[in-house]
Structure formats: C-alpha cells, structure tokens
Amino acid sequence: MGEEINENLINACNGPADATSVEETSEAVESGVKYYTLEEIRVHNMCTDTWLIIHDKIYDITRFLEEHPGGEEVLLEQAGADATESFEDVGHSTDAREMLLQYFIGELHMDDRKKEPVKEAHSTNSGESSSWTVWLIPAVAAVVVGVMYRFYLFEHKSS
C-alpha cells in the first residue's frame, strides 16, 4: 500500500509543475530564522512542493528533485518528514552538505525537536576501565614476563 502512494506521487510529479505555495504560520525570531512546526512541514510532501528536515533544519528541495543523483523517488519518500537518518546513512559528501545551504528555509520548532539523551560524563572513578587499558595492561605484563623468562633462561645456560 505504501508503494502505491509513492507511485502515485511519482506519477503526479511527471505532470506539469505547479508552483503553488501555502501560506505559512511559522514563527520568526530576531535573527531572521523561521521556525516551522511538524504539522506545517508534513503538508509539503509532493513533487511540486517538497520539504525535508535534516538535523532540525528545514530545506525546500523542490527545485533539486530532478537533479538529485539518486533520483527524485528517494527524496519524495522522505518528503515532509525528518530525513536525517537517511541522509547520514547514505554518506553524503561535503559538497552535498554545502549544497543544502541554498535550499535552507528555516528550522524545526523547538517543541517538535527530538529530545536527545544527555550523555553522562565518563568518570575514571566509576570502576569501569577504558577499552585501551583492557588490552594494554595484559600485553605489557606478557612482554615483561617474556623478557624475564628469556633473561632467566639465558642466565642459566651461560652458567
């Protein structure tokens, strides 16, 4: 069923492009950055009006659909939604990341952003050892034991 929807979107995109825009109720702050809610972004999911969220920034990529090296279908699948994971999974080049700047139109509203878990600072007193010490200490001990054994054997052979 999801494939049918995507096929309908793709087929609809092959028709004449209509550059209609929806009046937005987005918020703007003093810095001039507009903030859009998820509800506002979700309606921009067609080939004539395609927005993506990447790292909480909103991009209007409508003009870029036909130029995308991976095809417009992959962009339309993510249209109107958060495409951060898909964008990062593909491993886009720095050129692709710089190209995003020309399509930037605003940021995701603070209330709609995903809450990232706070990372705890790693303390050395926690009793956990870091990964390098797990192998380094036994390796050094093995080398010391090996050198002492060779020295001991060498001393007994020469006497």
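The numbered conditions (1) under 16 Å from the mean Cα position of the chain (by Cα); (2) at pLDDT below 90 are all true for Gly71 except (1). Could you grab me the full set of residues in the range 87-121 that are more than 14 Å from Ile58 (Cα to Cα) and at pLDDT below 85? Asp111, Lys114, Lys115, Glu116, Pro117, Val118, Lys119, Glu120, Ala121, listed by residue number. In the range 43-61, of all residues being without any contact (Cβ under 8 Å) to a residue 40 or more places away in the chain and closer than 10 Å to Ala83 by Cα, the one that is surrounded by the fewest Cβ atoms within 10 Å (Cβ to Cβ) corresponds to His55. Which residues, counting only those in the range 68-114, are in contact (Cβ under 8 Å) with a residue 60 or more places away in the chain, charged (D, E, K, R) and within 22 Å of Thr48 (Cβ to Cβ)? Those that are in contact (Cβ under 8 Å) with a residue 60 or more places away in the chain, charged (D, E, K, R) and within 22 Å of Thr48 (Cβ to Cβ): Glu72, Glu73, Glu77. In this structure, Thr84 does not satisfy being of a type outside the set (A, V, I, L, M) and modelled with pLDDT of 90 or more.
The values are calculated or read from the model by the stated rules, or taken from the named source; none is laboratory data. Just so it is clear, the structure is predicted and the values come from calculations on it, not from any experiment. Using ideal geometry, Cβ is built from the backbone for each residue, glycine included, and neighbour counts are taken over all protein chains shown.
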